[in-house]
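Asks: One structure, pasted below without further comment.
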Amino acid sequence: MRGPAFAFRAFGVSLAFMACDGGRPQGPPPPPARAPSSLPAPPSLAPLTDRDRTEAAALVANDCQACHAPEMLAQQRLTGTQWAAVIKKMQGWGSPLPPDSAALVARYLGALYSPSSVPPAATPFEPKAVAARDAASTLAALPDRRFRGGSAAKGQVIYAAGCAGCHGADATGTPLGVGLTDRPLLYRAAELAAVVRTGRGRMPASPHLSDDDLASLLAYLRRLRPVAQW
Amino acid sequence: MLDGDGLARPTMRRRRFLAGGTFAASSAAASRFARAGDTLLQQLSYPIDLATPLPYFDRLITPAAVFFVRSHFPEPALDPRRRLRIEGAKTTLELDAFGLHRRFKEVTVTAVLQCAGNSRSLHNPRVPGLQWGHGAMGQATWTGVRLGDLLESAGLPDGAAHVRLLGADRPPQPTVPRFIRSIPLARALDPTTIVATKMNGAPLTLVHGAPMRLCVPGWTGQHWVKWLSAVRAQKDEAEGFYYQTGYRMPKQPVAPGSAVKPSDMTPLQTFPIRSVIARPVDGAIVPSSALEIVGVAFSGEAELARVEVSVDGGTTWSEARREGAPGLGRWQLFRHRPAGVRPGPVRVAARATDSRGAIQPRVSSWNPSGYVWNGWHEVNVTVTA
């Protein structure tokens with residue numbers, strides 16, 4: 001029993017690392033943070049085949065992690081029943097997870113992040129320590145540099161053709177793409193350009209867009225300032 | 001910045017807020033205050049959720065650079081000119097932070113901000129949600145203007161009983177409910193309820209709600225709406241998931257793991273008596289002569305009356321010395337140097353009591369969302385000769 005449990009946990013870690021960078025493979029998975037325990041695999045693991053796990057991992061990466069950081073899942077210690085309730089709630093809120101995949105994902109998460117996981121239920125989750133200087137650096141505005149001086153009118157055309165399908169006509173998001181209005185990423189031009197050009201998760205790459213195209217896209221998106229509506 | 005008399009009530013500042021330069025310094029992070037070696041614990045990478053490490057709970061004021069962060073939804077962009085709309089019976093005001101300070105009296109309160117789910121990971125059985133340790137809390141001085149002054153200036157409608165609150169953060173897609181809260185009108189008009197623009201004397205950082213956030217001393221964090229963008233006095237409490245379903249507690253204690261009917265739940269408002277040990281940390285090796293137990297204690301329901309420390313796992317207790325001004329919803333520091341502790345493993349515990357006699361239980365009562373854990377904080381240390 002020990003071998004499969006270990007391999008499965010290592011796979012879970014690699015899933016988490018892939019998702020941090022938009023779901024792209026990152027080479028060999030790092031070693032697990034803790035030595036594998038001698039505990040047998042949880043009973044709910046048994047019915048999951050390798051194929052089930054691969055399918056469920058892809059569903060989680062595409063359908064959960066657009067909104068939820070992988071740590072959100074990894075810190076839970078819930079039974080399969082609790083996971084099923086969480087997924088039902090998220091489906092009510094517009095999760096794109098196909099309805100007939102919900103049971104599989106609940107079983108998968110219930111096996112990965114259950115009360116009998118390592119660390120066990122009695123141990124508080126131990127988050128990663130980060131330098132306070134860097135803790136919110138991903139929100140800080142950066143100079144526009146190459147992405148200055150775009151045309152909002154041109155950006156509107158680019159947005160309508162390439163982005164609106166998933167991010168919504170008004171860029172407030174749909175089940176297939178998160179909202180883009182009034183976000184710190186709009187003031188981090190180089191980072192936004194990299195995401196657009198290389199893709200992220202299920203979002204396809206758009207390597208053909210020039211610096212000027214991206215400057216125009218930014219100029220348009222920055223104009224979409226929603227008013228506070230109840 | 002600490003109030004002289006220590007009550008969590010506002011202190012008037014006659015001088016006008018210096019519009020201009022102060023907000024230009026607003027930043028996304030509190031990084032410009034961070035010192036080398038300062039750390040936070042990353043609970044989530046997006047949205048950014050951060051816990052304060054326990055050793056920082058050895059002081060009255062938690063520095064902004066290491067003050068915990070909790071956001072439900074993706075953060076809005078930093079916009080120092082973001083406006084707050086105050087909808088009233090007489091008029092609707094739309095003011096940015098500069099405008100607030102030009103028109104209304106500046107007020108400062110010292111208060112604990114604690115997430116409703118702080119210490120959730122200790123509830124058994126476990127429940128869904130961020131699995132915080134004890135780091136989703138901090139104490140700061142909050143400077144701004146009274147919410148009551150704003151509401152009265154816009155005109156209170158007849159029959160108003162609640163104040164609805166909206167932040168600028170938006171869910172990732174419109175099918176997800178917005179984070180809309182309300183507080184009872186009496187609480188909104190309480191002089192300690194403020195719309196803050198500064199934390200510890202400096203402009204709020206983005207992750208802490210810049211440019212304006214609500215402060216509701218003694219009440220749990222979900223009431224302290226960040227990026228505040230609209231308020232309205234109205235007859236009814238807020239609708240929607242985050243008020244009608246989320247942030248509710250059983251009206252009566254329930255057995256761990258119970259399902260509780262919605263009709264048996266009520267909104268969570270205040271946080272109960274608790275204490276947290278900053279040091280020694282769990283697993284520390286401490287010479288007997290240097291053993292000092294330091295931490296913070298507070299309640300959102302009554303003033304702190306007593307903090308006791310045990311070095312025998314809760315069999316016997318000694319009262320700790322307290323520092324700092326007492327007050328509802330603000331913390332005091334406690335210190336205790338136990339005498340005659342013999343070398344070997346020692347289980348240290350702290351428990352606090354409030355002025356109404358409420359005392360921290362060893363294990364907090366369970367509830368379906370894992371809110372307001374307040375069990376004893378216990379740490380294992382090894383004492384050396």
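Asks: Taking the conditions exactly as written (without any contact (Cβ under 8 Å) to a residue 40 or more places away in the chain and within 19 Å of residue B:331 (Cβ to Cβ)), does residue B:116 satisfy them or not?
Replies: Taking the combined requirement at face value, the residue does not satisfy it.
Asks: Given the options A:92, A:199, A:165, A:179, name the one that is assigned by TED's automatic domain parsing to the domain that holds residue A:213, over 28 Å from residue B:206 (Cβ atoms) and under 20 Å from the mean Cα position of the chain (by Cα).
Replies: A:165
Residue by residue, here is whether (1) more than 30 Å from residue B:76 (Cα to Cα); (2) hydrophobic (A, V, I, L, M, F, W, C); (3) assigned to a strand (DSSP E or B); (4) more than 11 Å from chain A (Cβ to nearest Cβ) holds:
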{"residue": "B:236", "(1), (2), (3), (4)": "no, no, no, yes"}
{"residue": "B:239", "(1), (2), (3), (4)": "no, no, no, no"}
{"residue": "B:246", "(1), (2), (3), (4)": "no, no, no, no"}
{"residue": "B:256", "(1), (2), (3), (4)": "yes, no, no, yes"}
{"residue": "B:259", "(1), (2), (3), (4)": "yes, yes, no, no"}
{"residue": "B:266", "(1), (2), (3), (4)": "yes, no, yes, yes"}
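Asks: Out of curiosity, is residue B:175 over 18 Å from residue B:85 (Cβ atoms) and of a type outside the set (Gly, Ala, Ser)?
Replies: For residue B:175, the condition - over 18 Å from residue B:85 (Cβ atoms) and of a type outside the set (Gly, Ala, Ser) - is met.
Asks: Take the residues in the range B:70-107 that are crowded, with 21+ Cβ neighbours inside 10 Å and of a type in the set (Asp, Glu); name whichever of them is farthest from the other protein chains (Cβ to nearest Cβ).
Replies: Going through the qualifying residues, I end up with B:106.
Asks: Looking only at residues that are modelled with pLDDT of 95 or more and not in a helix (DSSP H, G or I) in the range A:179-201, which one is surrounded by the fewest Cβ atoms within 10 Å (Cβ to Cβ)?
Replies: Applying the filter and picking the extreme gives A:199.
Asks: Run down A:204, A:184 and say which single residue is out of contact with any Leu (no Cβ under 8 Å at 6 or more places or on another chain) and not small (Gly, Ala, Ser).
Replies: So the residue among A:204, A:184 that is out of contact with any Leu (no Cβ under 8 Å at 6 or more places or on another chain) and not small (Gly, Ala, Ser) is A:204.
Asks: Taking into account only those residues within the range A:202-230 that are part of a helix (DSSP H, G or I) and hydrophobic (A, V, I, L, M, F, W, C), which is nearest to the other protein chains (Cβ to nearest Cβ)?
Replies: Across the range A:202-230, the extreme among qualifying residues is A:221.
Asks: While we're looking at this one, here's another question. Can you tell me which residue among A:150, A:94 is in contact (Cβ under 8 Å) with a residue 60 or more places away in the chain, part of a loop (DSSP other than H, G, I, E, B) and facing another protein chain (nearest Cβ under 7 Å)?
Replies: Checking each option against the conditions leaves just A:94.
Asks: Within the range A:88-116, track down each residue that is polar (S, T, N, Q) and more than 27 Å from residue B:124 (Cα to Cα).
Replies: Of everything in the range A:88-116, those that are polar (S, T, N, Q) and more than 27 Å from residue B:124 (Cα to Cα) turn out to be A:95, A:101.
Asks: One residue is enough: does the range B:53-63 have a residue meeting the conditions closer than 30 Å to residue B:294 by Cα and acidic (Asp, Glu)?
Replies: yes
Asks: For the subset of the range A:127-147 comprising residues that are in contact with a helix residue (DSSP H, G or I) (Cβ under 6 Å, 6 or more places away or on another chain) and assigned to a loop (DSSP other than H, G, I, E, B), which member is farthest from the other protein chains (Cβ to nearest Cβ)?
Replies: A:144
Asks: Please verify whether residue A:171 is of a type outside the set (Lys, Arg), in contact with a Ser or Thr (Cβ under 6 Å, 6 or more places away or on another chain) and within 11 Å of chain B (Cβ to nearest Cβ), treating the condition exactly as stated.
Replies: Against the criterion (of a type outside the set (Lys, Arg), in contact with a Ser or Thr (Cβ under 6 Å, 6 or more places away or on another chain) and within 11 Å of chain B (Cβ to nearest Cβ)), residue A:171 qualifies.
Asks: For the range A:174-201: of the residues being in contact (Cβ under 8 Å) with a residue 40 or more places away in the chain and among the charged types (D, E, K, R), which is nearest to the other protein chains (Cβ to nearest Cβ)?
Replies: A:182
Results for (1) modelled with pLDDT under 95; (2) within 12 Å of another protein chain (Cβ to nearest Cβ); (3) buried (at least 22 other Cβ atoms within 10 Å of the Cβ), shown as yes or no for each residue.
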position: B:154; (1), (2), (3): no, no, no
position: B:159; (1), (2), (3): no, no, no
position: B:163; (1), (2), (3): no, no, yes
position: B:167; (1), (2), (3): no, yes, yes
position: B:187; (1), (2), (3): no, no, no
position: B:192; (1), (2), (3): no, no, yes
position: B:197; (1), (2), (3): no, no, yes
position: B:207; (1), (2), (3): no, yes, yes
position: B:211; (1), (2), (3): no, no, yes
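Asks: Kindly state which strands (runs of 3 or more DSSP E) lie completely within the range B:52-161 and contain at least 1 residues that are more than 20 Å from residue B:224 (Cα to Cα).
Replies: Of the strands (runs of 3 or more DSSP E) lying wholly inside the range B:52-161, those with at least 1 residues that are more than 20 Å from residue B:224 (Cα to Cα) span B:92-95.
Asks: Assuming residue A:104 fulfils every condition listed in (1) at pLDDT 95 or above; (2) within 9 Å of another protein chain (Cβ to nearest Cβ) apart from one, which condition is it?
Replies: With respect to (1) at pLDDT 95 or above; (2) within 9 Å of another protein chain (Cβ to nearest Cβ), residue A:104 is out only on (2).
Asks: Here is a further query. Filter the range B:57-69 for residues that are farther than 12 Å from residue A:136 by Cα and more than 10 Å from chain A (Cβ to nearest Cβ) and give the result.
Replies: Correct list: B:57, B:58, B:59, B:60, B:61, B:62.
Asks: Same structure, new question: Got a sec? Which of A:142, A:109, A:97, A:104 is of a type outside the set (Asp, Glu) and under 30 Å from residue B:206 (Cβ atoms)?
Replies: Being of a type outside the set (Asp, Glu) and under 30 Å from residue B:206 (Cβ atoms) holds for just one of A:142, A:109, A:97, A:104, which is A:142.
Asks: While we're looking at this one, here's another question. Here are some conditions: (1) over 12 Å from residue B:273 (Cβ atoms); (2) in contact (Cβ under 8 Å) with a residue 60 or more places away in the chain; (3) not in a loop (DSSP other than H, G, I, E, B). Residue B:345 meets all but one. Which one does it not meet?
Replies: (2)
Asks: Quickly run through the range B:114-132 and pick out the residues that are under 17 Å from residue B:70 (Cα atoms), buried (at least 22 other Cβ atoms within 10 Å of the Cβ) and within 13 Å of another protein chain (Cβ to nearest Cβ).
Replies: Residues satisfying the conditions are B:117, B:118, B:119, B:120, B:121, B:130, B:131, B:132.
The values are calculated or read from the model by the stated rules, or taken from the named source; none is laboratory data. Computed from a predicted model, the values in this text were never measured in an experiment. Note: ideal-geometry Cβ built from the backbone for every residue, glycine included; neighbour counts use all protein chains shown.
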